[in-house]
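Remarks on the structure that follows.
The values are calculated or read from the model by the stated rules, or taken from the named source; none is laboratory data. Computed from a predicted model, the values in this text were never measured in an experiment. Note that each Cβ is placed from the backbone with ideal geometry, even for glycine, and that neighbours are counted across all protein chains shown. All accessible areas refer to the heavy atoms of the entire protein, side chains included, with ligands and DNA or RNA removed. Shrake-Rupley method; radii C 1.70, N 1.55, O 1.52, S 1.80 Å.
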Amino acid sequence: MVVKRLRTIMALAVSVLFLAACGNLSNSTSSSGGATTSKSGTTLTGQTSNGDYEGVIKNGHYLTSKSRGVTNTEDSGNVYNVKSFESGMQNLSKKIYPPQSYVFQEGQYLDSSTVEDWLGRESSSNPTGLNPKKNKSTSPTSRNPIYIQALEEQDYMKQSGKSLKLSGMTIGIAVNSVDYYKKTQYGATYQTNISQAKGEAYAKDAAKTVLKRLRAKKALKDVPITIALYRQSSNDSLVGGTFFAYTQSKGNQTTINNWSTVNQKNYVLPVENGESGPKSADKTAFSNFKSQVTSFFPNLSGVTAQVHYENGSLTGMHVNVTTQFYSQTEITSFTQYLAQAAQKYLPAKVPADITVTSATGETQSYLSRSENGSKFQAHVFDSY
């Protein structure tokens, strides 16, 4: 299995990218209204909303993660997995390290070389590999699959005077639901399906090993560590995977005694025949919205949505509309109509966004509504 780095390409930036660093804070102060900048020392970015973490800038530059994007792959994979894994880790972390008290920092304690070794198969040349040794079989049912697909670190800091101190860490471990492989270098792609029970058991066992290795690092000996487990969706899925469990380890703790269950589900609307779907009321609401939109503007290539559930309740919706419009005035009128239709038909009190793109992939307009928003805010992308 080849271990290589993936870069997540974000089609539309709708939130602040959290900048990271660690060190002494400069004399300048930040506010919730925006970032403070400095060519030397460490400053905070400020917050765009109370629900986001403040980040830090070191010496005027972005400090990237030492291992971000390292993953096991032999193909392009599913980009939705990469996105939902990273954002889901941070959303889970907010429950443990609240943004009002902590500052976000990109992972600085696990470098790419270390993560690549851990994601590899255990072997005589790689004794730290978390994935099982390769056996002689190439049969989908008898070979040893790659279970652990990705591992990511996120650091959470607290401000003490002019310094930032590492006060929490979240480690995400992504386990495959399907392991894709080739019997020969340029041959056909085969797959080994991994049951939910086997994948979860393997991930929990790997987490025990990861925690011990982290505690062996002097800087992490007494730091609270959260380990979150994520099950990837298949490559042909139109949604990413979901988290299913997490554990919290206090300082000096080297063993895992219990796990907290995470109940998440992702679906695509409209639901294909024979596939499981979300609540009937939510399906109906989206169906009514789609019917209204397509009847008012017939020149559409498609209207779909990703929906996310936590503990059985709808907590987010991403709607994608693909058009065949060529007129800027058509796009403007359509966006205005979308704002009204979405407010009327889509489920209320749920964060939702709508991205309108052309058949060639150009983003034409964007609409969004916060959880408690009274209406959708819209922006049409124009040109000079």
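None of Gln108, Gln47 is of a type outside the set (A, V, I, L, M, F, W, C), at pLDDT 80 or above and either open to solvent by 20 Å² or more (accessible area, probe 1.4 Å) or under 17 Å from the mean Cα position of the chain (by Cα) (or both) except Gln108. Checked against (1) of a type in the set (Asp, Glu); (2) within 22 Å of the chain's Cα centre (by Cα); (3) surrounded by fewer than 20 Cβ atoms within 10 Å (Cβ to Cβ), Glu153 passes all but condition (3).
Every residue, every condition in (1) among the basic types (Lys, Arg); (2) closer than 30 Å to Thr335 by Cβ; (3) touching a strand residue (DSSP E or B) at 6+ places or on another chain (Cβ under 8 Å), yes or no:
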{"residue": "Lys182", "(1), (2), (3)": "yes, no, yes"}
{"residue": "Ala203", "(1), (2), (3)": "no, no, yes"}
{"residue": "Ala207", "(1), (2), (3)": "no, no, yes"}
{"residue": "Leu211", "(1), (2), (3)": "no, no, yes"}
{"residue": "Ala219", "(1), (2), (3)": "no, no, yes"}
{"residue": "Gly240", "(1), (2), (3)": "no, yes, yes"}
{"residue": "Val271", "(1), (2), (3)": "no, yes, no"}
{"residue": "Thr284", "(1), (2), (3)": "no, yes, no"}
{"residue": "Phe296", "(1), (2), (3)": "no, yes, no"}
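Does Ala207 satisfy the criteria of being under 24 Å from Lys94 (Cα atoms), in a helix (DSSP H, G or I) and at pLDDT 95 or above? Yes; evaluated as a whole, the condition is true for this residue. Just one of the listed residues (Ser374, Ser383, Ser301) is in a strand (DSSP E or B), at pLDDT below 95 and out of contact with any Pro (no Cβ under 6 Å at 6 or more places or on another chain), namely Ser301.
Hey, can you tell me all the residues within the range 232-244 that are of a type in the set (S, T, N, Q) and either assigned to a strand (DSSP E or B) or over 15 Å from Ser87 (Cβ atoms) (or both)? Listed by number, the residues that qualify are Ser234, Asn235, Ser237, Thr242.
The set of residues in the range 134-150 being under 29 Å from the mean Cα position of the chain (by Cα) and open to solvent by 20 Å² or more (accessible area, probe 1.4 Å) consists of Pro140, Asn144, Tyr147, Gln149.
Apart from one condition, Ser333 fits all of (1) over 19 Å from Pro298 (Cα atoms); (2) free of Cβ contacts under 8 Å to residues at least 40 places away in the same chain; the exception is (1).
Evaluate the range 282-293: report whether one residue or more is closer than 20 Å to Val356 by Cα, of a type in the set (Gly, Ala, Ser) and surrounded by fewer than 14 Cβ atoms within 10 Å (Cβ to Cβ). Yes, the range 282-293 contains a residue that is closer than 20 Å to Val356 by Cα, of a type in the set (Gly, Ala, Ser) and surrounded by fewer than 14 Cβ atoms within 10 Å (Cβ to Cβ). Selection within the range 301-327: residues that are over 20 Å from Phe376 (Cα atoms) and in contact (Cβ under 8 Å) with a residue 40 or more places away in the chain. The member of this set that is most open to solvent (accessible area, probe 1.4 Å) is Asn311. With respect to the conditions (1) at pLDDT 95 or above; (2) surrounded by 12 or more Cβ atoms within 10 Å (Cβ to Cβ), Ser195 lacks only one, and its number is (2).
The residues in the range 241-281 that are in contact (Cβ under 8 Å) with a residue 40 or more places away in the chain, hydrophobic (A, V, I, L, M, F, W, C) and either within 22 Å of Ile148 (Cβ to Cβ) or open to solvent by less than 70 Å² (accessible area, probe 1.4 Å) (or both) can be counted, and the count is 6. Inspect all residues belonging to the range 113-130 and state whether any of them is modelled with pLDDT under 90 and open to solvent by 20 Å² or more (accessible area, probe 1.4 Å). Looking for residues that are modelled with pLDDT under 90 and open to solvent by 20 Å² or more (accessible area, probe 1.4 Å), one finds none in the range 113-130, hence no. What about Asn126, is it touching a helix residue (DSSP H, G or I) at 6+ places or on another chain (Cβ under 9 Å), without any contact (Cβ under 8 Å) to a residue 24 or more places away in the chain and either among the basic types (Lys, Arg) or not in a helix (DSSP H, G or I) (or both)? Yes. Within the range 245-290, restricting attention to residues that are part of a strand (DSSP E or B) and among the aliphatic types (A, V, I, L, M), which residue is farthest from the chain's Cα centre (by Cα)? Once the filter is applied, the top-ranked residue is Leu269.
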